[in-house]
1. Criterion first (in a helix (DSSP H, G or I), surrounded by fewer than 18 Cβ atoms within 10 Å (Cβ to Cβ), in contact with a Lys or Arg (Cβ under 9 Å, 6 or more places away or on another chain) and not assigned by TED's automatic domain parsing to the domain that holds Asp303) does Val483 satisfy it?
2. From Glu759, Glu751, which residue is under 22 Å from Lys686 (Cβ atoms) and at pLDDT 90 or above?
3. Is it the case, given these coordinates, that Pro839 is farther than 24 Å from Lys898 by Cβ, in a loop (DSSP other than H, G, I, E, B) and without any contact (Cβ under 8 Å) to a residue 24 or more places away in the chain?
4. Restricting attention to the range 536-581, which residues are part of a loop (DSSP other than H, G, I, E, B) and closer than 19 Å to Pro623 by Cβ?
5. Across the range 602-635, what is the number of residues that are under 20 Å from Glu664 (Cα atoms) and buried (at least 17 other Cβ atoms within 10 Å of the Cβ)?
6. Quick check: anything in the range 478-489 within 26 Å of Glu594 (Cβ to Cβ) and of a type in the set (A, V, I, L, M, F, W, C)?
7. Is it true that Ser856 is more than 35 Å from the chain's Cα centre (by Cα), assigned to a helix (DSSP H, G or I) and within 28 Å of Met758 (Cα to Cα)?
8. Please state which one of Lys273, Lys254, Lys247 is touching a strand residue (DSSP E or B) at 6+ places or on another chain (Cβ under 8 Å) and at pLDDT below 70.
Amino acid sequence: MSSSSSSCDLVYDVFPSFRGEDVRKSFLSHFLKELDRKLISAFKDKKIETSESLDPVLKQAIKKSRIAIVIFSQNYVSSSWCLNELLEIVKCQQELSQIVIPVFYDVDPCHVRHQTKEFGEVFKKTCLRRTDDEIKLWKKALTDVANLVGYHSQNWENEATMIEVIANDVLGKLNLTQSKDFEDFVGIEEHMEKMSSLLCLESKEVKMIGIWGPSGIGKSIIARALEARLSRHFHGKVFIDMRFISKSKEYYRKGNSDDINMKLHLQENFLSKILDKEGVKVDTLNAVREKLKRQKVLIFFDDLDDQVVLDALAGGDEWFGPGSRIIAITKDMQILRAHGITCVYKVETPSKEIALQMLCRSAFRQDSPPDGFMEVASEVAMRVGCLPLGLNIIGSSLRERDKTHWVNMLPALRKGLHGKIEEALSFSYKALERKEYQALFRHVACLFNGDEVSYIKLMLADSELNVDMGLEVLVDKSLIRVVPSWNNTNIVEMHCLVQEMGKEIVRGQSDKPGEREFLMDSKDVCNILKDRTGTEKLIGISMDLDEIDKVKIHEKAFKRMSNLRFLKFYKRSLQPKKEVRWQSPKTLNDFPDELKLLSWPGYPMECMPSNFCPEYLVELNMPNSKLKKLWKEVEELTYLKDMDLSGSKSLKKIPDLSTATNLETLNLHGCSSLVELPSSIQSLNKLTDLNMSGCTNLETLPNGANLKSLVRLVLTGCSQLKVFPDISSKIESIIANKTAFESFPSKLRLENLVELRMEHSMSRRLWEGVQPLTSLTKIMLSGSQNLKEIPDLSLATSLETLNLNGCSSLVELTCSSIQNLNKLTTLEMTGCSSLETLPTGINLKSLYRLNLNECSRLKSFPDISDNISTLNLNQTAIEEVPPWIENFSKLESLEMWKCKNLATLPTGINLKSLYRLNLSGCPLLKSFPDISSNISTLYLNQTAIEEVPPWIDNFSSLEALEMWECRQLRCISPNIFKLENLGEIFFSDCEHLAEVSLLDCPQEEAGDTSNTCTKLSLISFTNCINLNQENFIQQSASKYLILPGVEVPPYFTHRSAGSIFNIPLHHSSLSQQPAFNFKACVVVSDVDAISEGTETANHNLCFIDIEVHCRFKDSHGNYSGSTESIDFSLPQEYDHLIIFDCPFGQNQDSGESNCEQVEIEFSLVSTGLRLIGCGLKCQ
């Protein structure tokens, strides 16, 4: 497909061309519905006016569609509109390689092809008063499209079947067209076929699959191709790559320090991506499971090298909905083993034939060598080791080279490579035409892989390297990639194998590590620090501190490293590890004086080296250091951009920063001994990010420190700071949780503020007067128990979220403050225990979530928006639900748990959107709720309701009903068992409940449950000790029925105190049945398993797991059988009967059609339970 119609430009999967009067209400409507079911997007033209000329919108829709479906019907050619549409489709087929599929609906393809018979007569009428050229174009288009392979309605058995066939054909073609991005990866189809059996897409099980192989083998390409082909089968999909993980690692290192916070941040970013919703916040590690456990998702984890990522984002199968597929791509098999992933696809090195084809694609842009190149190309492919990455790199370096160049290059390959991939990559490095490009390559390989282009240019600004041109050359030679990052910058990425090759080149510079230009191996670095063997040749040192346990440093370790520019110690792993044990002197002498990068987490000394010169520093990164001070004198800091001293708990003073005029970020998070900042901070006119969270002893900030460029300010935990700082009007984000500000500057201007977080603040009030808060979208003040009033928000017209949870001193929200918040979507006020009223007479147009849980003084039903979809009023003092709730037409969920004063609900209204209603714990409520017939989940536990009324049959959408501890309940209408969607009913401790009837359900004869009245899967009457069970047992058609009791009822013809039944079948018709079905009863006692409390009632639940083993014995004495498992939760009280249906198929191929005996055995897997009786009745 041409570049003008690349996959990123396409909008629709299918464009249907049709004559509306013939097919719109019949074939087309069903076809579009089937496309929707398969998640295939089709263009719909409902809003386009027909005319002589083709609408521009329609032309664009055709161009932006992958496939055109032309539905020829008898009157298709009666419309010039359709014919012009056809011309455009043919044009797109020719110019853009669009796929065209004709469908002949009640018309002969031959008649369309030649414009004959009735179809031709209709066409002639349309051609009247048309030019010859126009008619000629129409005829050619009709002929061309009718000649294509398509579908003919006369060959259809039925319309539904053929629609399914066409839709599947479309789906198959879409999978091919969408994977063309990967067509240059030779052998991709073979990988797809092998992965197909592992994926087993038809299974509804959740499957975790590994893709494993060495670096450069093509794992990521395979994963991307799978993503393109599979994504439409899933409701949600996400591809987690190294950029995503690097972003989370960066946040983790600069902000939080414990593993839980890091995992929470990973989950927030992950959920934002898969839910396509920015700014998702979570406060529990169960967030991924809770949000995705019902969704069918496709998740890829690419280039995994850290176990914690997989643990945090895909902890187990139960985290995801049925049919989900989670695919982990890694070169480390241990990561897969540790996560229990046993289904692994090992990506093998391609065959010699495939490798040669890969090389030819890269070097010649064709599948085979040109004439005369076969022998030399074959040897090159062999010498490279058949690794896809190496083949691509070598091929690109030889692109457009003549045969002489290939032949002249062979001796070097034969001599130096010996089939080793690293040496093959080294050849590409040596082919770089200029030494400075090689030097830049080594810098990236040893220091800057994964860094921003701008950062690399800054670090190498005075190195005489042409970074811009050099990076372009390295990209052209396939040695690096430059890719966009999460913060709209460009990042340099070098494949780990290429990077290792670059490091090997540096190692080869000298047998003595101290005489190389870079040191990266931890052993070498530790040795030169201990033995003083570094030299002036060293430019950079990079060491992962997670690889070592202890380091000994000589006080003159850096004496001879006069040219050292980059000193980079770092921690790569997200997993918390033990601290490095540093054996260091009190101070270092003779430190390099031209350092541009100093990164030393956990710096072990209390002061900087005696001769430290920060003049050329661009980045100072020393988190969790033992520093008490930095430097004494005023130093020249012109180049300094980033300064991170976070976690340096002993640091008492920051030096004069008046010369750091280019400083952009200053991170002092956790510097708990810091009392003040220097007055020179006011000179930092380019500072955009200031983090002082956890500076618990910080008492003041310099007066007049109006930082003109400051965008983000973090003061969380600065509890001694009483006066809010006078900050820039450019500020966008203020995070000041756990603070206690007593006053705010009178000149404070917050016109650009987007986010304000002051959770758990001790302040009584915020700023005075009206602030121009037109950019503000989020205010988080939860847990601020002293806050008596919120500031005037009348100008916060963009505010979307207002969180006041736990503001227990807040008495009211004024009408004037919130009435203009027309973009407010979420208002959280849980635990505002002093709140008595809310404003009335206003309508917040966008508010869809209102949370007033535990507002214990609130007596009036809220009336601030009729657009609410989620309304939480649990544990309030509300006495009634007013009739005007009927205006809440969008209300989907109403929670009024433990509203102990609630006595009445309105009647005769129908909230059409309400699907969840929770009235549990409302002891004064006597009447069954009649406010919506669309409810799917209804909680009425611990109420005084006396009857489930006959009009319950209006609740056609009801799926689950809970009525635990309804001690006044006396009557349940049998109409409840007619509800087709009802799956679960729970009754417990309904002690006055005596009779439950199913007699209104038709039955052919007593005990026949084959004619079901309901699709119920579970009916539970636990602890309903007065219930008459006999009729109910016979009539119930639910899959599971739970009743109180200690004996198997007489209804079951086979009963035993044991757990095994042997039933003869020799003279029974059952021996000839393809399936052996029976109803079973298991009596469970001594329930003392570990329990957990339920949300709606204080029942203790335990987990029940029953296994049923069925073994058939034939006339030859051979056995065969299978096992069924039944599991659910049960109250930990009394003894219970568990009644359920059990179907077992007989194996016809093994001769069991003449079974003589069947053995049934029941067993309890659950701990702490005792099986005291069993029964069964054959059906």
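1. No; evaluated as a whole, the condition is false for this residue.
2. Only one candidate passes the filter, namely Glu751.
3. no
4. Ile548, Ile553, Lys571, Arg572, Ser573, Leu574, Gln575, Pro576, Lys577, Lys578, Glu579, Val580
5. 11
6. So far as the range 478-489 goes, no, none of its residues is within 26 Å of Glu594 (Cβ to Cβ) and of a type in the set (A, V, I, L, M, F, W, C).
7. no
8. Testing whether each residue is touching a strand residue (DSSP E or B) at 6+ places or on another chain (Cβ under 8 Å) and at pLDDT below 70 leaves just Lys254.
The values are calculated or read from the model by the stated rules, or taken from the named source; none is laboratory data. Every value quoted in this text rests on a predicted model; they were computed, and no experiment measured them. As a convention, Cβ positions derive from the backbone with ideal geometry for all residues, glycine included, and neighbour counts pool all protein chains shown.
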